[in-house]
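All remarks here apply to the structure that follows.
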Amino acid sequence: MKSLKKLVFASLVFASVAMVVATVQAQPQQGPGGRGNFDPAQFRERMMEGYKDMLGASDDEWTIIKPLISDVMDKQMATRSRGMGAGMMFRRGGDRPQGPDQQGAAARQDRRGQDRQGQDRQGQDRQGRPGFGGPTPSPEEDALQQVLDQNDAKAEDIATKLKALRDARKKADADLEAAQAKLQAVLTVRQEAQLVMMGMLK
């Protein structure tokens, strides 16, 4: 029971780190790779080792279970971090945009630069070590925010972007459910129950 509680706590910490990592990535970092003393990939790997121990999975079983758990984790973080990084409250200085050619345009430019930096880092992670996703705005969130940045935006334009965002979120929810079903299919009843207790499965 103690080990389960520790892993649940670690999972919550991991989710919290994932939701702020984009902000951290946007700031200058000290140390190798620009990440300071914190290594997200190493932290994630330790969590995966904790899952393996908790589930009592053999090495052969873990080769099947690990990528499925990782996929569910990534999809859960994508749904839990909705709106992070795209909302008005996260803009530098917290000022309300005055129009498409003033603060709104500057915020969009700054966000695009951060997104490109994040994509470069994620590409390096895919090449060199396990990736660690951050809450960067989805294309649909970014598109909607660009319309909202315009004080004179038409209602029909907002409605169109809003529908696209909702459709994308529905798809993300469906993808998460599919990933959870794949994971559940390879687990024993005990393993399934343990992951339900941790919130990884429903």
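Need pairs with beta-carbon distance below 7 Å; first residue without any contact (Cβ under 8 Å) to a residue 40 or more places away in the chain and within region 142-157, second part of a loop (DSSP other than H, G, I, E, B) and surrounded by fewer than 18 Cβ atoms within 10 Å (Cβ to Cβ); sequence gap 6+ or separate chains. Going by the 7 Å Cβ cut-off, the qualifying pairs are 147/153. If you go through region 153-202 and keep only what is β-branched (Val, Ile, Thr) and surrounded by 12 or more Cβ atoms within 10 Å (Cβ to Cβ), you end up with 158, 160, 186, 188, 196. The residue that is modelled with the lowest pLDDT, counting only those in region 80-107 that are closer than 28 Å to residue 182 by Cα and open to solvent by less than 30 Å² (accessible area, probe 1.4 Å), is 83.
Please verify whether region 23-40 includes one or more residues that are closer than 28 Å to residue 186 by Cα and either at pLDDT 55 or above or outside any helix (DSSP H, G or I) (or both). Looking through region 23-40, at least one residue is closer than 28 Å to residue 186 by Cα and either at pLDDT 55 or above or outside any helix (DSSP H, G or I) (or both).
The values are calculated or read from the model by the stated rules, or taken from the named source; none is laboratory data. These numbers were taken from a predicted model, which means no experiment stands behind them. Neighbour counts run over all protein chains shown; Cβ positions are idealised from the backbone, glycine included. Note: accessible area is taken over every heavy atom of the protein model, side chains too, but ligands, DNA and RNA are not part of it. Shrake-Rupley method; radii C 1.70, N 1.55, O 1.52, S 1.80 Å.
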